[in-house]
Each structure stands twice: as structure tokens, then as C-alpha cells.
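The values are calculated or read from the model by the stated rules, or taken from the named source; none is laboratory data. Computed from a predicted model, the values in this text were never measured in an experiment. Cβ placement follows ideal geometry from the backbone for every residue including glycine, while neighbour counts extend to all protein chains displayed. Calculation scope for accessible area: heavy atoms of the full protein, side chains included, ligands and nucleic acids excluded. Shrake-Rupley method; radii C 1.70, N 1.55, O 1.52, S 1.80 Å.
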Amino acid sequence: MTTPLPVSADSRCPARSPGAIAQHGAGDSRDAYAHLRREHPVYHDPELGLWVVSRHRDIDEVLRDRNGSFTPAHSYDPIQPTDPEAARIYTAVHDVPVAASTDPPVHTRYRAALTAVWPTSTGQLAPWQTTVEKRALDMAHALAARPGRTGELTADYARPLTARIMSEIIGVAPADEQCVIDGSSAMADLLWSFQPPAAQQRCSQAVVDLWNLCTDLVARRRDRPQDDLTSAWIAYRDEQGVALTDVEIASTLMEVLTTNAETLALLITTALQHVLAGDGYQRLASHPGEAPAAVEETLRLDPPLIGWLRTTTRPVTLADTPLPQGARLLLLMHSAAHDEAHAVAAPRAFDHLRTDAPPTLNFGAGIHYCPGAQYTRLVAQHALTALTRVLPSLALTTAAPGPRPVNLILRRTVHLHAHW
């Protein structure tokens, strides 16, 4: 079992134990979060070099950034000291901008291109409904056909499903889907966890392999356009008639692919963990229309995105705490979801029928609000309903999955073994 973070007010307090907050995604940190919100809503961790922010209203203020006081520019800078050889390998990707790590006017350009092609509303997603539903059912049937009637729901279902759907929409060949999965997982390990040098080198190479896949795909589609999003971004022109560069298109592809192959897969796995732990799975089998509520409850109780990063652009005061220019902030998104200000009844219980769910910050806020929020919800909902249709007897093999890996930003994959 994973030991929860200490929460007493003495030297074991996370705010008084440098580096301790790095463990916040590996176990149950809700007591620690509550302590921080109450006693240390903003504090500096000298070991990590981060200012840690735990209250919903303060995190919301940073994300909305109405005064230009915070920048996402360093969100994709590694947290850990980087091995020199890993840094050399990663050089090809390190300075490539993406929408989530840029400020206006660069962000405005990326965002306009992204939303011009990517469906951001339920109505715009309607043409994708059939594809998403069919791929979810196909993957559920593939899981059901496994020998021994056993499987691991992350590796055998959630990750290949999210990679399959997004790869098909983007235009990635089936043979390259494993590169998407490996590169996405490696990016999360390289940037936001703590790995030995050899592991950092492997992660760097996997990320570079994914980047090369994206650049090669852009080059191929320029020569031979097809009915996919890569070709659509190549054809896109802004209001002045200016096209995206190949690097801009490739970085957009990489951002979309990595987000879906990793974070969306985590959302699906976590939702399954919670509904299978009680009677929620059987209820969803009888009431598939409740799948959206189960996804929202997962985002509230146990979101995949547990942290995010910002950097101050000037001296600023947050929660009565003065921050210098260049301060790197760790925003505890998971803590924000459990803030007492939400006044949620029985906040530690998974109840997808609750009527008091607060708004989630899991998709960000302000100009960086995730344009893929509705797509994420759509895929997660179909992933749940497809399994309940194909495998109504699905059950967890063990009641308590093992501890999660340490990661500052993502509540990483557990091995969720199941049988049917």
C-alpha cells in the first residue's frame, strides 16, 4: 500500500518537507491537500524549485490570467535534472512550441488553426459519433476474445482504444499506433517524473521517434492529401491567407496525439476502476445513459490531470504570498477538485448520480481551456458503455490495484487486471 502524504503541522508537513509533494499522485493525498489549502495555500518547495498552489480559487486565477502575470512557456521543461545524453537526444523536440506552452500572439495563431479543424462542441462532434462508438465496440470485442478471459484494462483496452481512434482521425497508420502510445507515455515520464539516466535516454528517444512520425506524416500528406485532420491542417489558411508551417502542423499533431493517448487513457482506466469497485458497472450496463455522469464524477473525484505548471512574468501576490518574477508554479489540480469551497456532499465517495458536482478545472480555464474537452468526454463515455455491452460480467481481479508511479502532473496508470 502507498503511504499517504504526512499532514501534521510539524516538520512532516508537506510544506515543511522539501520534495514531499512529488508523491502526491502516487497515493491518497486528500488529507494532505486539505491541510495545504488550510495552512499553506501557496508555499515554496526548495528541493523541487516550485511554488505549490493548492486552492481552487487561486489556481483558477492563475489559469485565467487576466493580467498577463503568468506564462505557460515552461510547462514542457523537465522537472527532473536532465541527463546530458538524454538532453542531447531530446534537443530535436525541446524547443518546438505547442498551443499549451505559448502566449499570444503565437498561441492565438495555434488556437485559431486548432479550432478551425478540430470539433470543439457536441454538435460538431456528431459526425464522429459513429466512428468513436464503433472503435470502442471493436476494442471491447478484442478484449473479450483474449485467452483465459483475463486482461489488463490499461494496456489491453484504454491505451490502444484512444490511440486507435485518434490515429485514424489524424491519419496515422495502424502500424505506427504503438509509437504514439510509447512516445506519449515517455513524454510524461521524461518531463514530470524522476527517472535514472538510462530511462531518461529511452524516454527521450521515444519522444523523438513520435516527433519524427509527425513530421513524416505532414510531408506525406503534402504530397498526397487524404480525408484526415493532417490534410485539413495543411489546407488551413488564417484570415490573412497564411498557411501553417510544417513544424507548426507537426507540433499540433504531436500535442493532440500525446494528450489523447496518455491523459484520455488514464481517464478511462480510472473511471473503470471506480465503477468496477462498487455496483456502478452493473448499473451502467442497465443505464448506459449514465455514462456521461460517471465520467464527470471521475473528473471530480480522481482526475488524470493532478497538476499543471505556470511561471510568473512579473512579481505578483497570490493568496497573500509574494512571488518573484520567474517563479515556477505547481498548480495542484487534484486539490482544487476537492476544495471545501465546493461544498460537495460526501466528497470522498464515488457517486455518479450526485447533483452537486462542481465545475472542473481538469481542462484548464481561460484562453488555454482545452478544445478537446468534449471529444475527451465522448470517447470516455463510449469506452465505458462499449465494455458494459460486450462484457457485462467484467470484474476486477484484485480489490486494490497497486501503487501508482510518481508523477507531478498525471495520476499515472495502475495495472487494472480484470476477468470475465
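Under a crude label model (7 Å from the Cα following the beta-carbon direction), how far is Asp246 from Ala116 in nanometres?
In this crude spin-label approximation the distance works out to 2.0 nm.
Roughly what % of DSSP beta bridges within the chain run antiparallel, to the nearest 5?
So the antiparallel bridges in the chain amount to around 85 percent.
Under 10 Å, Cα contacts only: if you run a Gaussian network model on the chain, which one of Val208, Val295, Val242 comes out with the highest mean-square fluctuation?
Comparing Val208, Val295, Val242 in the GNM, the peak value goes to Val242.
Could you check how many percent of all C-alpha pairs in segment 304-420 are farther apart than 21 Å?
Values: 4004 of 6786 pairs.
Percent of Cα pairs beyond 21 Å in segment 304-420: 59.
Can you give me the C-alpha center-to-center distance between segment 351-407 and segment 100-178, rounded to a whole angstrom?
Using only Cα atoms to place each centre, the spacing works out to 14 Å.
What is the dipole size for the chain, taken about its Cα centre, with +1 at each Lys and Arg Cβ and -1 at each Asp and Glu Cβ, in debye to the nearest 20?
Charge dipole, the chain, about its Cα centre: 380 debye, nearest 20.
Does segment 181-315 come out rounded, prolate or oblate by the C-alpha gyration tensor, with a ≥ b ≥ c the root eigenvalues, rounded set by a/c under 1.5 and, if not, prolate when a/b is larger than b/c and oblate if not? Spell out each step's value before the answer.
Working: a/c = 1.95, a/b = 1.45, b/c = 1.35.
Note, shape of segment 181-315 comes out prolate.
With a 1.4 Å probe and all protein chains in place, put Asp189, Asp95 in order of accessible area, largest first.
Accessible-area ranking of Asp189, Asp95, largest first: Asp95, Asp189.
Would you mind computing, in nm to one decimal, how far apart the modelled labels at Ser286 and Arg57 are, each placed 7 Å from Cα along Cα→Cβ?
4.3
Nearest 20 debye, what's the magnitude of the dipole of segment 97-180 about its Cα centre given +1 on Lys and Arg Cβ and -1 on Asp and Glu Cβ? Walk me through the numbers before you get to the answer.
On the way: 8 positive and 8 negative charges, 21 e Å.
So the magnitude is around 100 debye.
Figure the gain on full extension for Ala400 and Ile367 (residue separation times 0.36 nm, minus the Cα-Cα span) and round it to one decimal in nm. Could the numbers behind the result be given before it?
Working: separation 33, 0.36 × 33 = 11.88 nm, distance 3.88 nm.
Value of the extension gain: 8.0 nm.
Just the number, please: carbon plus sulfur as a percent of the accessible area of segment 73-157, 1.4 Å probe, no ligands or DNA/RNA counted.
About 58 percent, which is the carbon plus sulfur part of the accessible surface.
Determine the shape class of segment 59-174: with a ≥ b ≥ c the square roots of the Cα gyration tensor eigenvalues, call it rounded for a/c under 1.5, and otherwise prolate if a/b is greater than b/c, oblate otherwise.
Verdict is oblate for segment 59-174.
Using helices alone, I'd like the mean residue ellipticity at 222 nm for the chain: each DSSP H run of four-plus residues gives -39500 (n - 2.57), total over residue count, nearest 500.
-14000 deg cm²/dmol
Starting from the Cα-Cα distance between Arg389 and Thr131, subtract it from 0.36 nm times their residue separation and give me the gain in nm to one decimal.
Gain on stretching Arg389 to Thr131: 91.2 nm.
Using Cα pairs closer than 8 Å and at least 6 residues apart in sequence, work out the relative contact order for segment 224-300, in percent.
Dividing the mean separation by the residue count of segment 224-300 yields 20 percent.
Find which of Gly68, Leu229, Ala327 sits farthest along the positive direction of the dipole of the chain, computed with +1 on the beta-carbon of Lys and Arg, -1 on that of Asp and Glu, about the Cα centre.
Leu229
Can you give me the % of accessible surface on segment 274-338 that is carbon or sulfur? Probe 1.4 Å, all protein chains present, nothing else counted.
The nonpolar share, carbon plus sulfur, comes to 53 percent.
At 20 angstrom or more along the helix axis (alpha-carbon based) and mean Kyte-Doolittle of -1.0 or higher, what helices does the chain contain? Whole DSSP H runs only.
Sorted by number, the helices that extend far enough and score high enough are 129-144, 177-192, 197-223, 373-390.
Given contacts defined as C-alpha pairs under 8 Å and at least six residues apart, what's the relative contact order of segment 197-340, whole-number percent? Can you show the working numbers first?
Details: 115 pairs, mean separation 21.3, N = 144.
Once divided by the residue count of segment 197-340, the mean separation gives 15 percent.
Send over a whole-number figure in Å² for the accessible area per residue of the chain, probe 1.4 Å.
On a per-residue basis, the chain sits at 41 Å².
Considering only Val218, Gly289, Leu299, whose Cα is most displaced toward the positive end of the charge dipole of the chain, charges sitting on Cβ of Lys, Arg (+1) and Asp, Glu (-1)?
So the residue we want is Gly289.
Taking 0.36 nm per intervening residue step and subtracting the Cα-Cα distance, what contour gain separates Asp31 from Ala345 on full extension? List each step's numbers first, then the result.
Values: separation 314, 0.36 × 314 = 113.04 nm, distance 1.66 nm.
Full-extension gain reported as 111.4 nm.
So for the pair Ala319, Asn67, with labels modelled 7 Å out along Cα→Cβ, what separation do we get in nm?
1.8
Using C-alpha positions alone, give me the convex hull volume of the chain per residue in cubic angstrom.
146
Along the three principal axes, how long is segment 13-65 when you take its alpha carbons, biggest first, rounded to the nearest angstrom?
Rounded to whole Å, the extents work out to 28, 23, 20 Å.
Calculate the dipole size of segment 1-148 relative to its Cα centre from +1 charges on Lys and Arg beta carbons and -1 charges on Asp and Glu beta carbons; express the result in debye to the nearest 20.
In total the dipole reaches around 480 debye.
Can you give the relative contact order of the chain as a percent, counting alpha carbon pairs under 8 Å and 6+ residues apart? Don't jump to the answer; show the numbers that get you there.
Values: 695 pairs, mean separation 113.1, N = 420.
Relative contact order for the chain comes out at 27 percent.
Report the net charge of residues surrounding Trp51, where surrounding means a beta-carbon distance below 14 angstrom and charges are Lys +1, Arg +1, Asp -1, Glu -1.
On the way: positive: Arg55, Arg310, Arg328; negative: Asp45, Glu47, Asp58, Glu61, Asp320.
Around Trp51, the charge tally is -2.
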